[in-house]
Amino acid sequence: MEEEGTEGTVHLLCLAASSGVPLFCRSSRGGAPARQQLPFSVIGSLNGVHMFGQNLEVQLSSARTEDTTVVWKSFHDSITLIVLSSEEGTSELRLERLLQMVFGAMVLLVGLEELTNINNVERLKKELRACYRLIDSFLGDSELIGDLTQCVDCVVPPEGALFQEALSGIAEAAGTAFASLLVLGRVVTATESWWRLGTPEAVLLPWLVGSLPPQAARDYPVYLPHGSPAVPHRLLTLTLLPGLELCLLCGPRPPLSQLDPQLLDRWWQPTLDPLRACLPLAPRALPADCPLHVDILGLLLLHLELKRCLFTVEPSADKDPPPAQRRCLLRSFYALVTATHFPPEPGQQEEKAEDTAQQAHVPRACYLVAGTEEPGTGWRLVALQVGPRRLLLLLAAQSPCHGLRGLAARTLQALTPLL
């Protein structure tokens, strides 16, 4: 298995489907934004071959060259997105989900009506500039994984019940049922209505807040791609501590000025020390006292029905590989097992060729060794699915292969109460 996201270039193209006019082009190299743009002739050729197939009732979805993977996707017969990646080990699954997230981000900030009824291309180009920061965060190296898993990145707070009470109180005072507490783009706790938000807004809203520059308060208009793509809502955010933000999804009321410091002090002042304890949870996701085996270097735990996940590469931080490489290994392994081994996730339309005939024979666990080919070396990766939960572990090279499944089963049992 090659590591996804190692040095390479990603180009994202957005075009009006009917005219082929480019609306924007965003690029990244080595996980960082890049100014490199594709020549118009290349853009025209990529769009032309896709349109040619459509005219013949042939759906061109992906292609590979020696060093580049290309994925096309049309939305509402109005917008065509094309992504090209020369990153080593990039999977088609990752690029397909990237395009879904990008279109979701466009709807979130511009609205579906503007994207499906394009009357003025130049005006739409200007409006889409509001999406650039969010879209660029998908192209870069992120500590989050919700863009790939389409599950909400969460952390496990030390005082969950206390935060839930405070959050429910301030949501009621503000006259909304949708409220959440975020730490650097991850959900600490949320109201029941917030958890019921559909895909992709449940992932996009925390990601949007995490991608914005720090501000004490915001009043941000957003559309909900699944729940309200045509009518905007207001996303109110208030910074409780640096990196820790309260989010409220509201209608026309209340005005931001109504959420005065006295209201915040009433509900959050008693929780100040537990709030401070949440800040280290951003990269760690798990409580400090959570028991993990010493061989575990990173983990991804998904609840496929709740659409939530815990993701961390913090365990045994003093060991190799470094965090960025651990994230790449786990992302690549997730894409591999999701595309080739495990049953389709709830709500996913992609199907595997053997799904119909071999539903009784789908695996429940798998592992591989990544890195060097020398015997007894290389990092271990193991995946285990039990019911709605799927656990992926990155383990040190000394972890014996015959014990991987047992270790994963014990870890999943220990983490099950958390998610």
Could you tell me the number of lysine pairs in the chain with C-alpha atoms less than 25 Å from each other, where the two lysines are 8 or more residues apart or belong to different chains?
5
Peptides ranked, highest mean first, by Cβ atoms within 10 Å: ranges 301-314, 114-127, 241-254, 377-390:
301-314, 377-390, 241-254, 114-127
Taking the structure as given and computing Kirkwood radius over Cα pairs in Å, which label from (1) 22.7; (2) 27.0; (3) 21.2 fits?
(1)
Could you tell me which Cys residues in the chain have no other cysteine's Cβ under 4.7 Å from their own Cβ, answering none if every one has a partner?
Cys14, Cys25, Cys131, Cys154, Cys247, Cys250, Cys278, Cys290, Cys328, Cys366, Cys401
Would you mind telling me the share, in percent, of accessible area of the range 9-141 contributed by carbon and sulfur at probe 1.4 angstrom?
48 percent
Return the calculated 222 nm mean residue ellipticity for the chain, to the nearest 500 deg cm²/dmol, obtained by summing -39500 (n - 2.57) across DSSP H runs with n ≥ 4 and dividing by the residue count.
-9500 deg cm²/dmol
Taking N as the number of residues in the range 9-141, what is its alpha-carbon radius of gyration divided by 2.2 N^0.38 Å?
0.99
Where in the chain are the helices, taken as whole DSSP H runs, whose Cα atoms extend 24 angstrom or more along the long axis and whose Kyte-Doolittle mean reaches at least 0.0?
92-110, 323-340
Here the alpha-carbon Rg of the range 152-281 over 2.2 N^0.38 Å rounds to 0.96
Within the under-12-Å Cβ sphere about Thr149, not counting Thr149, Lys/Arg +1 and Asp/Glu -1 give a net charge of +3
Counting only protein heavy atoms and rolling a 1.4 Å probe, one gets per residue an accessible area for the chain in Å² of 45 Å²
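The values are calculated or read from the model by the stated rules, or taken from the named source; none is laboratory data. Please read these numbers as outputs of a predicted model, since none were measured by experiment. Counting neighbours? That spans all protein chains shown, and the Cβs are built from the backbone with ideal geometry, glycine included. Accessible surface areas use protein heavy atoms only, side chains included; no ligands, DNA or RNA. Shrake-Rupley method; radii C 1.70, N 1.55, O 1.52, S 1.80 Å.
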